[in-house]
Structure formats: C-alpha cells, structure tokens
Amino acid sequence: MDERTMRRLVTRRQLLRSVLVGGAALSLLSACGGGQATPTAAPAASPTPARAATPTVAATTPTAATAATPTTAAAAGPVPTVAPGTKITVAMVPKLVHPFFEDVRKGGEQKAKELGVDFQWVAPQQADPAQQVAMIEDLIRKKVHAISISPNEPKSVEPVIAEGMKQGILMMTFDSDSPNSQRVMYIGTDNKAAGRTMGETMAKLLNGKGKVGIITGGLGALNLNQRIEGFKEGVGPNIEVVDIQATDDDLQKGLSVSEAMLRAHPDLNGIACVSATGGPTLAQVLKSPEFQDRIGKLVIVAFDDLEETKRAIDEGIIAATMVQRPVQMGVLTVQWAYEILTGKAKPPFQNIDTGVTVVTKENLNSYTK
C-alpha cells in the first residue's frame, strides 16, 4: 500500500469518526428517551406547493386541508373507525433509525400526549424493505388502530397496507408515499415541488449554467426519486446533471460516494444532496486535505437540517438546504389518525403538503420547523 493510499484511509477513518460523533448523538435520543419537542403550530393549508423560499404550510384541522393536493389512491373499503371511548393506539414506522425521523417521533409523541392516544414508534435499524414490512405485519397482528409508514420502497408495502385495511386498521403514509396502495392519506413534503425548489436554488447560485452531481439515499425511495425529478425540472436546460450516486443513507458509504464523485468529476460546479445523509458526509469530505481547495468553489445544496448540515452552512461549505417540517409530520399524522378513527373527519381525504423552507446563512438562526 503506497503512502497516498494510506493517507486516504486514515483521513476516511477521521471523517467517519467526526460524522458519527454528531449523528450518533442525535440517533441515541430515541434509545435514551430524549426530551419532548414542542412543535410549532401549523397554519392553514396553502393551495399550492412551495416553489421558492416561502414555505408551503400545513393544515392542522380536517376542514383546513381541503386545499391540499388530492390523494391518488383511495381506500378500497370503508375507512376504519372505533367505538366511542376506545383507547386509540397509533403506530408510526419510519424507513430506518435516523436523526431526521427523531423530529417526526417527537411531534407524534407530543400530539399523542395531548389527545390521550397511545403512541408506538417502530423503526428498522437499516433501510431494509423486508424488515420494515415484517414490523408492519407485527403491528397488524397486535391490532393497533392506525399505522403510518414512510416506505423504503412504495411497492413493497402495498400488500401489507391492503391487509391492514382489510383487518380494520387505518393505514396512512408520511414522509415518503406509496401512492398506488390503499393508504387513506399521505402527510409530508410534496417531494417533487421541493426538488423543483432545490433545482431553482441551485440554478440561481450557478447563474443558470454548469455541471452538477446528485447524491441521493436509497435508489428505490419514491420521495427521493421525486426530488430528483423536480430538481432536474427546476435547475433548467443549461445545467447538466452528470452523475447520480446513492449512499443508502449510510454514513460510511456517504463518505465513499462523496469522495468518488469528487474524484471522478473535478470540473463539477455543484452537488445536490437530496437526502439528509448527503450534506453532512460531503461537507466532511470537503474538509479533508485532498478536497479542501474546492470549498467555496463547489456549490452544495442539501436537504434537511441535521446539526452537521447547519454547521456546514455556517462555515460556508454548504450554500443552502431544503428544510422539511418533520415535527409537523408527526403532529399531523397522529391528529388526523385520531380525527378519522373517531369519525370527526369524513372521506374523501386529501394529502397534506407540510412544505419546505430554503435555509441559508442569512436565515439559519431564524427559520422554524
């Protein structure tokens, strides 16, 4: 092994350690029972998804959601309800254990406490569709009243969603949708609109021309693919997407993918990170001796607001990030499940776009989620 390779391996270990210190601390909040987050109250729904820095806002009541984007698949049978006085149990199943989903959990727990609802959070350790389906099947056997899922792959959950509805369980999705399933409604970001906003932000920063790469999470994740589709629309015809790589939302793989893309494309003008993992890992790689001369020259637009992402914005490494409202995803999921199960909300139901905010150094300390 030559000296250059040895230096790269040492740097990789240092970078991974740096990312893990921040990311693991956030992830451990779940295991340690981290403190409750008080979510910001969501205003009335906006009839159009976000196209710029002005965020789309979420509906907090069933009647306020009538302006939201309609669902593309309706429940095949009657929408489940419960008898008056029933102690309701709502379960949420994210893609995996990840800092982003911690905010969703906190919002769900907060609203469940307010409504007197039992709340269950069941998270796969990795973004494994089969493991996620097995967890949902277990919740169906336990006969919880509502299950909301962020699918790793939209098709993988279609049969289990159908089974849940057949068993009289209210099935919903959040964060990432399964639009061709029998789920009753989706609550989360309009991902194509968010991707378009991301593309428009990149285009503005690059003055409408250049070459860019995209770092995504899982290649089969519908929400990420919708963001990529929207990004390509928003970035315009004079900016070429030359490479797309996936991290599988794994920190170590994120470092490898970032290094590989930077080496393969020394002429890149920008990189768009469409999942939460890409921004922090790319920022860490850029701090290494091999790539630090590209800080300030390479325009990076990220997704979500992990602490490492915010720090990189403050340091001038990341130009902007698209901040979702994960707390509101949790709040609204539990609220709508409760309203539907108790019969207070009536079909037809509509999707709720919780929106995004474009966060830069200018509003880093003033945005809300």
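Can you find even one residue in the range 215-223 that is assigned by TED's automatic domain parsing to the domain that holds VAL301, at negative phi, surrounded by fewer than 23 Cβ atoms within 10 Å (Cβ to Cβ) and of a type in the set (S, T, N, Q)? No; the residues of the range 215-223 include none that is assigned by TED's automatic domain parsing to the domain that holds VAL301, at negative phi, surrounded by fewer than 23 Cβ atoms within 10 Å (Cβ to Cβ) and of a type in the set (S, T, N, Q). Of the residues making up the range 101-120, those that are of a type outside the set (D, E, K, R) and closer than 16 Å to LEU332 by Cβ are PHE101, VAL104, GLY107, GLY108, GLN110, ALA112, LEU115, VAL117, PHE119.
At least 2 residues being out of contact with any helix residue (DSSP H, G or I) (no Cβ under 7 Å at 6 or more places or on another chain) is the threshold, and among the strands (runs of 3 or more DSSP E) wholly inside the range 185-288 those reaching it are 210-216, 239-246. You will find that of MET135, MET172, MET165, the residue that is part of a strand (DSSP E or B), within 26 Å of PRO78 (Cα to Cα) and either at pLDDT below 95 or not assigned by TED's automatic domain parsing to the domain that holds ILE228 (or both) is MET172 and no other. Considering only residues in the range 120-145 that are without any contact (Cβ under 8 Å) to a residue 40 or more places away in the chain and hydrophobic (A, V, I, L, M, F, W, C), the one that is farthest from PRO94 (Cα to Cα) turns out to be ILE140.
When the residues of the range 288-307 are filtered to those that are crowded, with 18+ Cβ neighbours inside 10 Å and modelled with pLDDT of 95 or more, which remaining residue is nearest to the chain's Cα centre (by Cα)?
Step by step, filter the range 288-307, then rank; the result is PHE303.
Only residues that are touching a residue at least 40 places away in the same chain (Cβ under 8 Å) and surrounded by 18 or more Cβ atoms within 10 Å (Cβ to Cβ) were counted in the range 251-268, giving 8.
The values are calculated or read from the model by the stated rules, or taken from the named source; none is laboratory data. All figures in this text were calculated on a predicted structure; none of them were measured in a lab. Note that we place each Cβ from the backbone using ideal geometry, even for glycine, and neighbour counts take in every protein chain shown.
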